[in-house]
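Chemist: Have a look at the structure that comes next, please.
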Amino acid sequence: DHRDLPSFPTRRSSDLVAAYDFDGKQLWHRDLGPVVHEWGTSSSPVLHGDLAIIYHGPGEGAALYALNKNTGETVWKWDEPKWVTGPRTDGFAGKDDGIIGAFSTPILVKGGDRDELVMSFPMEMKAFDPKTGDILWTCAGLNPLVYASPIAAGDIVIAMGGYYGNSIAVKTGGSGDVTATHRLWHEVRHNGGIGTGVIHGDYYYYGGSVVSCMEIKTGKEVWKARLPDAGGSWGSYLLSGDRIYALSQKGSTAVFRANPEKLEVLAQSDLGEHTNSSPVPAGKSLIIRTHEALWCIGGE
């Protein structure tokens, strides 16, 4: 609960981007300047053709960059505005201030016959032309604090706010302000968790150690249940076939089936080390980074 935490000092950290070949030789690097925010930054680069797309933020000087992936030169840049938040509906409701910022990673989706770069920001979700940086559409409805990245199911994109924030689902392919025309549903004070969930079939599974199964087209919660032996979770889920892997902060990994009927746990293991990361697939193995070590887990 953020209300029980002390105030955070403003953090200044340089946002460095670098490219290496597979022999470990550095090909280029860029310093995009400091990220000035209480919690720093938590976004990953996205590749699209010859572009490496980077969210440099949140906080003062935040921007969305498209760099030439071969040289590091800027192809386009979109400067993030200063957000007008209005009264808070999330966990900071009733307070004069609160944390503002997005920690998400943009995704690439199809909007008809065009590519759309979709990013969830404070207050709204936006789609850009990934080649030029031009804004294609904007949809309002999020809260000022966003943890998870947007996620797509066909022509539907879901974005979730953080700290009991707001969640929205939007159809791609629109133009301008699509809040009234393309937004499918809007949930206020919805606990979307910190990490990003996964989509299987017509359902979205999300929420960290407490799993929620949601119907994508309506936003209706089908079921909600706690995973065994799990603490809090800052990581994102991993989907393989119909199996979902969830890593908790205490180092416990639960494997459960993507089942819209109920929580069906298939396996559970414990590394006994603290982690805020997400599991990453590598062939038939899992890579997990804890605070103490880097793990590779797999069978023959």
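The values are calculated or read from the model by the stated rules, or taken from the named source; none is laboratory data. Please read all numbers here as calculations on a predicted model, not as lab measurements. So basically every Cβ, Gly included, is an ideal-geometry build from the backbone, and we count neighbours across all protein chains shown. In case anyone asks, the SASA skips ligands and DNA or RNA and just uses the protein heavy atoms, side chains included. Shrake-Rupley method; radii C 1.70, N 1.55, O 1.52, S 1.80 Å.
Chemist: Going by average Cβ density within 10 Å per residue, which order do the peptides 86-99, 47-60 take, highest to lowest? Display every interim value, and only then the final one.
Modeler: Numbers: 86-99: 14.3, 47-60: 19.3.
Per-residue Cβ counts within 10 Å, averaged per peptide and sorted highest first, yield 47-60, 86-99.
Chemist: Roughly how many percent of the accessible protein surface of segment 17-162 is carbon and sulfur, given a 1.4 Å probe and a whole-percent answer?
Modeler: Working: 3160 of 6290 Å².
Ligands and nucleic acids excluded, carbon and sulfur reach 50 percent.
Chemist: Calculate the radius of gyration of the Cα atoms of the chain to one decimal place, then report Dmax, the largest Cα-Cα distance, as a whole number, both in Å.
Modeler: For the chain, the Cα radius of gyration and maximum Cα-Cα distance read 19.1, 56 Å.
Chemist: Of V198, G72, T105, whose Cα points farthest to the positive end of the dipole of the chain (charges on the beta-carbon: +1 Lys, Arg; -1 Asp, Glu; origin at the Cα centre)?
Modeler: So the residue furthest toward the plus end is V198.
Chemist: May I have the pair-distance distribution P(r) for segment 7-127, computed from all Cα-Cα distances with 10 Å bins from 0 and rounded to whole percent?
Modeler: Taking all Cα pairs of segment 7-127, the binned fractions are 12, 38, 32, 14, 3, 0 percent.
Chemist: Next question. Where only protein heavy atoms count, and the probe is 1.4 Å, what is the accessible area per residue for the chain in Å²?
Modeler: Numbers: 14700 Å² over 300 residues.
I get 49 Å² per residue for this part.
Chemist: At 1.4 Å probe size, what's the solvent-accessible area of H291? Round to the nearest 10 Å².
Modeler: 110 Å²
Chemist: When the scattering of segment 228-300 is computed by the Debye formula from its Cα atoms alone, each counted once and equally, what is log10 I(q)/I(0) at q = 0.20, 0.23 Å⁻¹?
Modeler: Result of the Debye calculation: -0.81, -1.06.
Chemist: Here's another thing I want to ask about it. Indicate the gyration tensor shape class of segment 53-181 (rounded, prolate or oblate), computed on the Cα atoms with a ≥ b ≥ c the square roots of the eigenvalues: a/c under 1.5 is rounded; otherwise a/b larger than b/c is prolate and the rest oblate.
Modeler: Numbers: a/c = 2.09, a/b = 1.31, b/c = 1.60.
Oblate, because a/c is 1.5 or more while a/b does not exceed b/c.
Chemist: Roughly to the nearest percent, how much of the accessible area of segment 187-266 is carbon and sulfur, given a 1.4 Å probe?
Modeler: Numbers: 1570 of 3500 Å².
Roughly 45 percent of what the probe reaches on segment 187-266 is carbon or sulfur.
Chemist: Specify whether the C-alpha gyration tensor of segment 145-300 places it in the rounded, prolate or oblate class, a ≥ b ≥ c being the square roots of the eigenvalues: rounded for a/c under 1.5, otherwise prolate if a/b is larger than b/c and oblate if not. Write down the numbers at each step before the final one.
Modeler: On the way: a/c = 1.94, a/b = 1.85, b/c = 1.05.
Here segment 145-300 falls in the prolate category.
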